[in-house]
Amino acid sequence: MGEVLRQRDFALAWFGGLVSMLGSWALWIALPIHVYQLTGSALATSGVIAAVVAPGVLIGSVAGVFVDRWNRKTTLVAGNLLLAVATLPLIAARDESWLWIVYPTAFLLSTLEQFTDPAENAFLPRLVGAEDLVAANSLNALNNSLARLGGPALGGALYASLGLAGAVTADAVSFAVAAVLLALVHASGAVEAAGHATAAAVRRWRRVWVEWRDGLEVVRRERAVAIVFVVTALTAIGEGVFGVMFVVWVRDVLEGGARELGWLHTSQAAGGLVGGAVGAYVGRRIVPERLFGLGLLVFGVCDLALFYYPLLLGGVAIGMGLMILVGIPGVSTQAAKTTILQTHVQDAYRGRVFGSLSTSASLLMLIATTAAGAAGAVVGPIALLTFQGGAYVAAGIFVLLTLAPRAVRAAPSRAAEPA
């Protein structure tokens, strides 16, 4: 992997991505807790999460169409510059009278990232040779883990010392630095055979419904894929609840702030790094169906222990330890789920199935986020977070009972073309 980083273009893009993701994690740790501290309202906090998730539901499945028509390098440079500028209005949200600006700004930032994220993935093969592509993708995965490891702690520290303006400024600067580094890349971002862009995009918009329906037909026909969709729906609802109520839990139950929230997220990222190594070892010894179920079950049990420990013991250190434990099965669970889908869906339909899975999960998260915000003041954080942890436990048991390896060993051809 070190040889890949010595390739100038890839190194520039890789460091640019790392810097921008560090800034993004810093902001998205500080912003929800800032809103909750100003309002004391779980509903107001849920609005921030909803504004971030909604663009993935609305345009996530079609943004890639336009990315395939635009120059990828230009899209990345311009996108990061726009993100830097679009972040700055959040500085005005110092008090409750200017809090309204948070929601359209968060929505705009997430919308822009629907274009920059696929552009980054599409541009990568231009930066390295085919023989280095696996290593480059592995380094990008490491990039995500490193950003999640350092960004939340940075965001918590900046918010504690400089307020929201500190986290906002850091995020804006990170996008500007990324834009400069990407502009220095020599590789061309032009898309081959990109003619008739407008007509092709319009046709694609019209075909979205048909392609989505075909993808769902594959889900209906392939039992293992259907089970993954059911489980993902259940856990997506739990994650929507978690996105809102974890902030409330840190503030009201743990009696912490942005700094403690950052430490906890950083601890989960550290667990994810350990989980990557554990998953690579265990994945060679346990079939993915069983690994998926066990991972969900362990994740849920660790989550429940985390949510209830402050009732018996104090201190953030125990919570950080439990978050490390939560992070370990999280990586293995995701890897096992992806493997199941890859082996039970024909290549021609994988993009649609993964796209349908992502869009449906985002939609359910959006609904759950809004519902949790409305119910939070009445039910309280621990009760709602119990649902989140319980959803993972129930999903794990369901997978272990219904997705037994012997029941799903059919060839991928079972995912035949829909009639």
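Miscellaneous remarks
- In this structure, V253 qualifies as over 12 Å from L357 (Cα atoms), surrounded by fewer than 21 Cβ atoms within 10 Å (Cβ to Cβ) and either modelled with pLDDT under 90 or assigned by TED's automatic domain parsing to the domain that holds M320 (or both).
- Residues in segment 234-286 that are in contact with a helix residue (DSSP H, G or I) (Cβ under 8 Å, 6 or more places away or on another chain) and outside any helix (DSSP H, G or I): L254, G256, G257, G283, I286.
Residues are listed down the side, and each one gets a yes or a no for (1) at pLDDT 75 or above; (2) polar (S, T, N, Q):
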| position | (1), (2) |
| --- | --- |
| Q114 | yes, yes |
| A119 | yes, no |
| P125 | no, no |
| G150 | yes, no |
| A165 | yes, no |
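- Some residue of segment 301-310 being assigned by TED's automatic domain parsing to the domain that holds I227, small (G, A, S), within 19 Å of Y392 (Cα to Cα) and within 21 Å of the chain's Cα centre (by Cα): no
- Residue among A317, A277, A269 that alone is surrounded by fewer than 16 Cβ atoms within 10 Å (Cβ to Cβ) and within 24 Å of the chain's Cα centre (by Cα): A277
- Set side by side, the residues L146, L181 differ, and just one is surrounded by fewer than 19 Cβ atoms within 10 Å (Cβ to Cβ), out of contact with any strand residue (DSSP E or B) (no Cβ under 9 Å at 6 or more places or on another chain) and part of a helix (DSSP H, G or I), which is L146.
- Residue match in segment 58-72 (condition: basic (K, R) and over 20 Å from G166 (Cα atoms)): yes
- Out of W98, W14, W70, sole residue that is surrounded by fewer than 22 Cβ atoms within 10 Å (Cβ to Cβ) and part of a loop (DSSP other than H, G, I, E, B): W70
- Residue match in segment 318-329 (condition: over 20 Å from N144 (Cα atoms) and touching a residue at least 60 places away in the same chain (Cβ under 8 Å)): yes
- Test: A197 is farther than 30 Å from I397 by Cα, modelled with pLDDT under 80 and surrounded by fewer than 21 Cβ atoms within 10 Å (Cβ to Cβ): yes
The values are calculated or read from the model by the stated rules, or taken from the named source; none is laboratory data. Every value quoted in this text rests on a predicted model; they were computed, and no experiment measured them. Every residue, glycine as well, gets a Cβ built from its backbone with ideal geometry; the counts of neighbours run over all protein chains shown.
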